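Inspection log for the structure reproduced underneath, given as structure tokens.
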Amino acid sequence: MGDVKLYTGKGDDGTTGLLYGGRVRKDSPSVEANGAVDEAQATIGLARAEVARDSEVDLVLIGVERDLWVLMAELATLPENRGKLVPGSSLVSAEMLRALEATVDELGTRFELPAEFVIPGQNRLSALLDVARTVVRRAERLALGVVPPDSFAVPYLNRLSTLLWVMARWQEGGHALASRG
């Protein structure tokens, strides 16, 4: 392994480098949004760790995690460098959004939708998916103030929270509803 260093020290001044250049403070809105997406991706990974490799749930979640890399690239780019972003690679595309919607629609046919609010925690996987959903919602709120109006990043995060809700209900095998009756 030798003398390979795993750190640069460049961020010791409280700044971080951006895609295509530039540096911003680590507490800037774009870095806060990117951090929330990173956290969402890690939380989705925690849910994924609960399922069998190459299962349908695993494959859906891996696809989402890869999409979030694209979304983080978009968030990590200064407005003047947005023209350098590539749809589907470093910029969230309409196709990515449509694919997510198709998955939501298909999975939503596999169970009866609850008639009332659901109490999370029917099982570990559904609870982890619900936690991931709440982290995605926070990322969505933070991204809203960072991306331009024509970006697909916020709609993607909005649909992703729906997907995670749908997946949690699908994986419950029955819902604990909020009514006490």
Pairs needed: first member in the range 14-29, without any contact (Cβ under 8 Å) to a residue 24 or more places away in the chain and in a loop (DSSP other than H, G, I, E, B); second member anywhere, surrounded by fewer than 13 Cβ atoms within 10 Å (Cβ to Cβ) and not charged (D, E, K, R); C-beta distance under 9 Å; at least 6 residues apart or different chains. 26/11; 26/14; 27/14
Restricting the first residue to the range 63-79 and requiring it to be within 12 Å of residue 33 (Cβ to Cβ) and in contact (Cβ under 8 Å) with a residue 60 or more places away in the chain, which pairs with a second residue that is in a helix (DSSP H, G or I) and of a type in the set (Phe, Trp, Tyr) meet a Cβ separation below 8 Å and a spacing of at least six or different chains? 71/156
Complete set of residues in the range 49-64 that are in a helix (DSSP H, G or I) and not acidic (Asp, Glu): 57, 59, 60, 61, 62, 63, 64
Whether any residue in the range 34-46 is at pLDDT 95 or above, more than 12 Å from the chain's Cα centre (by Cα), crowded, with 17+ Cβ neighbours inside 10 Å and under 23 Å from residue 133 (Cα atoms) is what I want to check. no
Subset of the range 106-123 that is in contact with a helix residue (DSSP H, G or I) (Cβ under 9 Å, 6 or more places away or on another chain) and part of a helix (DSSP H, G or I) - its residue that is surrounded by the most Cβ atoms within 10 Å (Cβ to Cβ): 107
Has the range 145-164 got at least one residue that is under 23 Å from residue 56 (Cβ atoms), hydroxyl-bearing (Ser, Thr, Tyr), more than 15 Å from the chain's Cα centre (by Cα) and buried (at least 16 other Cβ atoms within 10 Å of the Cβ)? no
Got at least one residue in the range 19-35 being closer than 18 Å to residue 154 by Cβ and aliphatic (A, V, I, L, M)? yes
For residue 56, indicate whether it is under 23 Å from residue 169 (Cβ atoms), in contact (Cβ under 8 Å) with a residue 12 or more places away in the chain and under 20 Å from the mean Cα position of the chain (by Cα). no
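Let's see how each residue does on (1) under 21 Å from residue 42 (Cα atoms); (2) in a loop (DSSP other than H, G, I, E, B); (3) touching a Cys at 6+ places or on another chain (Cβ under 6 Å); (4) modelled with pLDDT of 95 or more:
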residue: 132; (1), (2), (3), (4): yes, no, no, yes
residue: 138; (1), (2), (3), (4): yes, no, no, yes
residue: 141; (1), (2), (3), (4): yes, no, no, yes
residue: 147; (1), (2), (3), (4): no, yes, no, yes
residue: 151; (1), (2), (3), (4): no, yes, no, yes
residue: 154; (1), (2), (3), (4): yes, no, no, yes
residue: 162; (1), (2), (3), (4): yes, no, no, yes
residue: 169; (1), (2), (3), (4): yes, no, no, no
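The values are calculated or read from the model by the stated rules, or taken from the named source; none is laboratory data. Since the model is a prediction, treat every value here as computed from it, not as a measurement. Ideal geometry is used to build each Cβ from the backbone, glycine not excepted, and the neighbour counts take in all protein chains shown.
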